[in-house]
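What follows draws every value from the coordinates through simple rules; no lab data is involved. Bear in mind the structure is a predicted one, so any value in this text is a computation, not a measurement. Please note: Cβ atoms are built from the backbone with ideal geometry, for glycine as well, and neighbour counts cover all protein chains shown.
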Amino acid sequence: MIFEDNKKVYFSEIGSDYKASKGKIIDFFQNTSTLLSEKSGLGLKYLRENGKAWILHDWQIDYYNDINYMDDIVIGTLATGFRRGICKRNYYIKKENDYAVIADSTWVVYDYENDKMITPSKEELDTYKIMDPMKMRKYKGKIKKSEDVKLVSSYKVIPEYIDINDHMNNGWYVKLAESTLNDDEKNILSMRVTYSNSAKLNDDVYVYASGMEKIIEDEDGILHNRKLVLIKGNDDITYSVVEFIY
């Protein structure tokens, strides 16, 4: 089942370059999938009443065109797989009938009362009908560690960062990672993100970034530059790892 939402990109959704940021694009995706859930009767009220939440595990997002001020865009999403408590979901943004952004994501269904991952219900499986996955750029291997990371900034988690699950929303990790990019580092082919732990209100968050490293190999054997950003907390806990690929 493909679900689409049409929107215009407004002033509050762009930066000084008149473009929607990578973090804002994630906000667009989240809004579209929650709108799908609400229209399907499986929205926030349903999740709260059943003690459930959808927790994001990882992203790969491929960029083909910028999302600019006053663009008319179509944001779409489709489920591409369920296995036990793990859900695979694609997202995309179209402008002028061409794909500007395509994303792949992994989510888990979490049971708050029993503190464990659970399998989606039959109602959820029947509602979010599985479709063939979209074609993504392919890179060999998972995100690699870097020995060349330095502390570049630190933050205190404020109420604005917190979502209804009482932790820092996944888009904010990307927004903090983006803040490390120079102007000449913003022309990104792809971004990969993993989430390990959740930052809570008033937690200290530390942002570490590497320099450019030519170590990412695609399916054609071509090497790409990458910049690695680590979002960490006290006691060396890792919240998120963000990799920008060029």
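Couple of notes before you dig in:
- For the range 84-173: Kirkwood Rh in Å [reciprocal of mean 1/r, alpha carbons]: 17.3
- Close amide H pairs (under 5 Å, H built 1.01 Å from N) link Ala100 with Ile93, Lys94, Lys95, residues at least 5 positions away or on another chain.
- According to the Kirkwood relation over distinct C-alpha pairs, the hydrodynamic radius of the range 149-245 is 14.0 Å.
- For a label point 7 Å along the Cα-to-beta-carbon line of Met134, residues of the range 201-242 with backbone N under 20 Å: 219
- The range 2-127 - Debye-derived log10 I(q)/I(0), Cα point model, q = 0.11 Å⁻¹: -0.41
- Note on the chain: Cα-Cα pairs beyond 26 Å make up 40% of the total pair count.
- Rounded Å value of the spacing that divides the Cα centres of the range 198-246 and the range 97-170: 15
- For the range 111-169, size of Cβ-based charge dipole, Lys and Arg +1, Asp and Glu -1, in debye: 780
- Highest-MSF residue in the chain out of Ala177, Ala103, Ala20 [GNM, Cα springs under 10 Å]: Ala20
- Stretching Asp115 away from Asn165 to a fully extended chain increases their span by 16.7 nm, per 0.36 nm per residue minus the current alpha-carbon distance.
- Debye log10 I(q)/I(0) at q = 0.30 Å⁻¹ for the range 181-233, Cα point scatterers: -1.28
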